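Remarks on the structure that follows.
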Amino acid sequence: MSTALAMAAALLLDQWLGEPQHAHPLVAFGRMVSWIEKRMHTDQRWVGVLAWSLAALPLPLVLWGLQRAMPAWISWVIGLCVLYFTLGLRSLGEHARPVATALQSGDLDTARNAVGRMVSRDTAALNANQVAAAATESVLENGNDAVFGALFWFAVLGAPGALLFRLANTLDAMWGYRTPRYERFGWAAARIDDVLNLLPARLTAFTYALCGNFNGALHCWRTQASQWDSPNAGPVMAAGAGALDVRLGGAAPYNGVWEDRPQLGEGDAPDAVSIFRALCLLRNGVIVWLAVALLLVLSIRGGAHA
């Protein structure tokens, strides 16, 4: 029961407070990662494994030891606070809604600037549908990275698990690129993030299916996910697009070059409404997870008393 209550309380805190506006812990972690990279970077995988370990493991281990040494109620409060810091549900809405609002008012330049804070592609080259697609894709993919993945690992390993997941996710975002600089040094960051996301991503995809067009989501997941470069983003985004009955993916500009990407989903071209619907899909999915967590607790307790 304490785990389910902590999940609900952390989500409520996230909705109430949002992400810290100043001195977010992940920003401080990012600076530390840059410091480690500057001193350790070489074109070797084993060095990347060591750098990842130095960056990602100490904080979860310290947290684990701290919680074990504290009284149960203090440990619960610490876990709640850590989970709150790993969640980004409200932040996703705060980034995505301005894009949708600008598109609805016909202000494409403002929409491009707003979506540029969500994605890494060249937003100045995007038309209205492509801006809507970029924002919708970001909501769907980050629904796993910033919400469901953290909840999953919190349920499995407690606060240290949720913290390790978000640190690994941040390291993947900084080092997990297939470029000459990170091909070997960032190999561990990319592969470990893939492993940690293996189950959460598929649970996220199934959650999107439950909360949208179920058959469409499963069909797109089955037929399109494997075409995507990322083994975990593919199922999440394909199922999400299918659940929303919208077409995502396709060509997108990066560093001045248009890159071909597989199509995801089926149905209409994305627009401002698609962004709002993606946010609604994510919120409904969170409600489903909380309901399942509560039912599991009640069934376990019922079995214990039988």
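Worth a mention:
- Elements of the type helices (runs of 4 or more DSSP H) sitting completely within region 149-258 and holding at least 3 residues that are in contact (Cβ under 8 Å) with a residue 24 or more places away in the chain and under 13 Å from the mean Cα position of the chain (by Cα): these cover 149-175, 187-211, 233-244.
- Looking across region 264-300, the residues that are of a type in the set (Gly, Ala, Ser), closer than 15 Å to ALA239 by Cα and either out of contact with any helix residue (DSSP H, G or I) (no Cβ under 6 Å at 6 or more places or on another chain) or part of a helix (DSSP H, G or I) (or both) come down to GLY267, SER274, ALA278, GLY285.
- The set of residues in region 98-126 being under 21 Å from VAL257 (Cα atoms) and not in a helix (DSSP H, G or I) consists of GLY116, ARG117, MET118, VAL119, SER120, ARG121, ASP122, LEU126.
- For LEU12, the conditions (1) without any contact (Cβ under 8 Å) to a residue 24 or more places away in the chain; (2) outside any helix (DSSP H, G or I) are fulfilled apart from (2).
- Residues within region 8-50 that are within 30 Å of VAL297 (Cβ to Cβ) and among the small types (Gly, Ala, Ser), tallied: 4
Values in this text are rule-based calculations from the coordinates and carry no lab data. No experiment lies behind these values; they were computed from the predicted model shown. Heads up, the Cβs are rebuilt from the backbone with ideal geometry, glycines too, and the neighbour counts pull from every protein chain shown.
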